[in-house]
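Step one of this worksheet: look at the structure below.
Every read-out reported here was derived from the displayed coordinates using simple, explicitly stated rules and does not represent laboratory data. Computed from a predicted model, the values in this text were never measured in an experiment. Every residue, glycine among them, receives a Cβ derived from its backbone with ideal geometry; neighbour counts consider all protein chains shown.
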Amino acid sequence: MTFNRRKFLGAAALAPVALAAPALIRFGGAAIAQTASPVTPAFIRRKVGEIEVFALMDGFGVFPTAMLSGFDPAKAEASANAAHKPFEGQQMTIGINAYLVKTGDRIIAVDAGAPSAMGPTVAQWAASLAAAGFSPDQVDTVFLTHLHADHVGGLADATGAATLPKAQLVTAEAEWAFTHDAAVYAALPAEFQPMIDTSRAMVKPYDAVKTLIQPGDEIAPGLTTVAMPGHTPGHLGLRIDSGKESLLIWGDLLHSTAFQFANPEWSIAFDADQAMAAASRKAALDMVSADGMMVAGMHLDFPGFGYVEKAAQGYAFTAAPYDYRT
């Protein structure tokens, strides 16, 4: 699986105004708004049977819509209207979420947000963790759906020390190998290499306490990993089952709430294998819509909990109601 340099750089080239604006920072060839106000830390708690799941807000980024393969403005506007989302034309706002699972005496972080280098609208993961009432030393495991920079940004401080001092790191063996493969790194466009540099730096403090797993492995009772390749070779979802309830945290299966439910064939330039990513996306959407399973995602609108149904065009997403259970 190789990163498609032509598609990535071609998408970026279609948004020259955004990428050239002095108020923007370039990160991996994409644009993150620098003029927006910092994000307020936030969390939402809900239960899945007897298991507690917390959505932790990290922030959001603004990216060119041209980064979506097959993007069609007319179809996109119709999709946004159907989803009751504002249509921004040449740009799209993408949320960045992470999750925390409390089950028995285990506290498991599921991804850790973006690094502060991506701008003031991100990097609120640690603050949101604190707002939810948890300290870093309470986290015993950090499960990474994959190792992109916006999922590992809270794992190390400015000195390179681990921010979760008692946590073991769990991720797919294929994902770790892909991120640390010298040949793969050399083949990446230079514009994307800083993201890999960041990923490697953030997970380095956990090298001695990492556990590399295979898709389908259970990381705790009721928490089973699910293969969702395409975005990266080792990209994993996490299925949570307790009692009669289930939740699928699907990582980066989908980036745009406004566009990709209605148009699941549209992949994003960050997908290492866009065709495989689309196939994984369609398979998952079929499954959760047929089963009525609740989902959550790192790039769905915060808090990301909701349900998927088939629609006249593709699928539709309905946010889950607030959970009042204690």
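For segment 179-326, rounded, prolate or oblate, judged on the Cα gyration tensor with a ≥ b ≥ c (square roots of eigenvalues), a/c < 1.5 rounded, else prolate if a/b > b/c? Walk me through the intermediate numbers first.
Values: a/c = 2.06, a/b = 1.34, b/c = 1.53.
Note, shape of segment 179-326 comes out oblate.
Out of Ala277, Ala42, Ala296, any idea which swings most in a Gaussian network model of the chain, alpha carbons joined below 10 Å?
Fluctuation is largest for Ala42.
Pull out a ≥ b ≥ c, the square roots of the eigenvalues of the alpha-carbon gyration tensor of segment 38-123, then state rounded if a/c is under 1.5, prolate if not and a/b is larger than b/c, and oblate in the remaining case. Walk me through the numbers before you get to the answer.
Details: a/c = 2.86, a/b = 1.80, b/c = 1.59.
Here segment 38-123 falls in the prolate category.
Just need the Rg to Rh number for segment 5-319, please, alpha carbons only, Kirkwood Rh.
Reported Rg/Rh, Kirkwood definition of Rh: 0.93.
Using Cα positions and a limit of under 16 Å, work out the aspartates and glutamates in reach of Lys204, with same-chain residues fewer than 8 apart set aside.
Lys204 reaches Asp111, Asp150, Asp157, Glu173, Glu175, Asp181.
Net charge within 15 Å of Arg281 by Cβ-Cβ distance, Lys/Arg positive one each and Asp/Glu negative one each, not counting Arg281 itself?
Taking every other residue near Arg281 into account, the sum is -3.
Within 14 Å, Cβ to Cβ, of Tyr324, how many net charges do the neighbouring residues add up to if Lys/Arg are +1 and Asp/Glu are -1?
Net charge in that neighbourhood comes out at +2.
Around Arg106, what is the net charge, scoring Lys/Arg as +1 and Asp/Glu as -1 over all other residues with Cβ under 13 Å from its Cβ? Mind showing how you got there, number by number?
On the way: positive: Lys102, Lys166; negative: Glu50, Glu52, Asp105, Asp140, Glu218.
Here the charged neighbours net out to -3.
Report relative contact order for the chain in percent, whole number only (criteria: Cα-Cα under 8 Å, sequence separation at least 6). Intermediate results must be reported in sequence, preceding the final value.
Working: 746 pairs, mean separation 60.2, N = 326.
For the chain, the relative contact order is 18 percent.
Non-local amide H neighbours of Ile213 (under 5 Å, H modeled in plane, Pro and chain starts lacking H): which ones?
Those lying under 5 Å, H to H, from Ile213 are Thr171, Ala172, Glu173.
What are the trypsin sites (Lys or Arg not before Pro) within segment 224-314 that DSSP puts in a loop, where the Cβ has at most 15 other Cβ atoms within 10 Å?
Of the trypsin sites (Lys or Arg not before Pro), the ones in loops of segment 224-314 whose Cβ has at most 15 other Cβ atoms within 10 Å are Lys244.
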